[in-house]
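Read the structure below first, then the notes.
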């Protein structure tokens, strides 16, 4: 069995509200009996004998059928998630800055974002990770920075999800 973090994309923001108790129930009925949610922002922890490439589509299918929307998730093993958190490259003062990790569903989208996000202003920083982008920005600016505006583009919305580093730490044992 492998432990996974499943990051639901676009949940409990922008008008799509899912109750985490209902998400747990749907996943339990769909074959993930020990699924548990963390916070209300679409974070699920579960164990499976299947690999991430199978877990993701299975969870998407369960959520799409149960809640009637086109579910998109990103799946990382807990071990991978721990490495992503440990590799965060910025020494961030979390009282003044938000430390984020941007997850991508495909290498092509990640490569495109790395290209597009080369020129940003001094208010925020980005750095490539193995299969993520690390992002730091001043508190209170999460929606109006150069990186935020790029990530909000329609062509990236389907394939990316962003989590605060504090949230990711809460997903780890």
TODO: Considering each residue of the range 94-125, count those that are crowded, with 17+ Cβ neighbours inside 10 Å and closer than 22 Å to residue 171 by Cβ, and give that number.
DONE: 10
Task: Matching residues in the range 79-93 - criterion: being surrounded by 14 or more Cβ atoms within 10 Å (Cβ to Cβ) and over 22 Å from residue 51 (Cβ atoms) - done: 88, 90, 92
Open item on the list: Filter the range 67-100 down to the residues that are under 23 Å from residue 23 (Cβ atoms) and without any contact (Cβ under 8 Å) to a residue 60 or more places away in the chain and list them by number.
Closed with: 67, 68, 69, 70, 80
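For the condition assigned by TED's automatic domain parsing to the domain that holds residue 163 and within 26 Å of residue 165 (Cβ to Cβ), what is the one hit in 94, 60?
94
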TODO: Could you grab me the full set of residues in the range 51-78 that are over 27 Å from residue 133 (Cβ atoms) and loosely packed, with under 15 Cβ neighbours inside 10 Å?
DONE: 61, 65, 68
Task: Single unsatisfied condition, residue 64 versus (1) farther than 25 Å from residue 151 by Cβ; (2) free of Cβ contacts under 8 Å to residues at least 24 places away in the same chain - done: (1)
TODO: Scan the range 142-163 for residues that are closer than 25 Å to residue 94 by Cβ, surrounded by fewer than 19 Cβ atoms within 10 Å (Cβ to Cβ) and touching a residue at least 40 places away in the same chain (Cβ under 8 Å) and jot them down.
DONE: 142
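The values are calculated or read from the model by the stated rules, or taken from the named source; none is laboratory data. Bear in mind the structure is a predicted one, so any value in this text is a computation, not a measurement. As a convention, Cβ positions derive from the backbone with ideal geometry for all residues, glycine included, and neighbour counts pool all protein chains shown.
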